[in-house]
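The values are calculated or read from the model by the stated rules, or taken from the named source; none is laboratory data. Everything numeric in this text was worked out from a predicted model, so none of it was measured. All Cβ positions, even for glycine, are placed from backbone atoms using ideal geometry, and neighbour counts span all protein chains on display. Only protein heavy atoms, including side chains, enter the accessible area calculation; ligands, DNA and RNA are left aside. Shrake-Rupley method; radii C 1.70, N 1.55, O 1.52, S 1.80 Å.
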Amino acid sequence: MERLRSSPLHANISTALDKHLESIHVVQARRKDEIVNASSRQRHGPPRCQDERVVLALAAGLRALCLATRKVRTVLWCAFQMTL
């Protein structure tokens, strides 16, 4: 879009995209933790308290990703409108 406009877009657009990417990385890391925890639980028995913390961390990461996705969609729509 910057090439079409021949000028840089607003700084909030790149910030929102960066936060969205960061949220994706957080969710990926939480999901890896959940997988590791689930595989170790099968071997050693069920420690429930740790399992709940991992799932809650994943849920918090997904909530942040949801909010970041909404913001990015809005920001990209605005950028598209400014480009037209």
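Counting only protein heavy atoms and a 1.4 Å probe, the range 10-82 has 75 square angstrom of accessible area per residue. Charged neighbours of Ala64, selected by a Cβ distance under 12 Å, balance to +4 (K, R count +1; D, E count -1).
Go ahead and run the numbers for FRET between Leu67 and Ser40, Cβ-Cβ distance against an R0 of 30 Å, rounding to 0.05. Efficiency at R0 = 30 Å is approximately 0.45. Subtracting the Cα-Cα distance of Arg5 and Thr74 from their residue separation scaled by 0.36 nm leaves 23.0 nm. The shape of the range 10-82 comes out prolate: with a ≥ b ≥ c from the C-alpha gyration tensor, a/c is at least 1.5 and a/b beats b/c.
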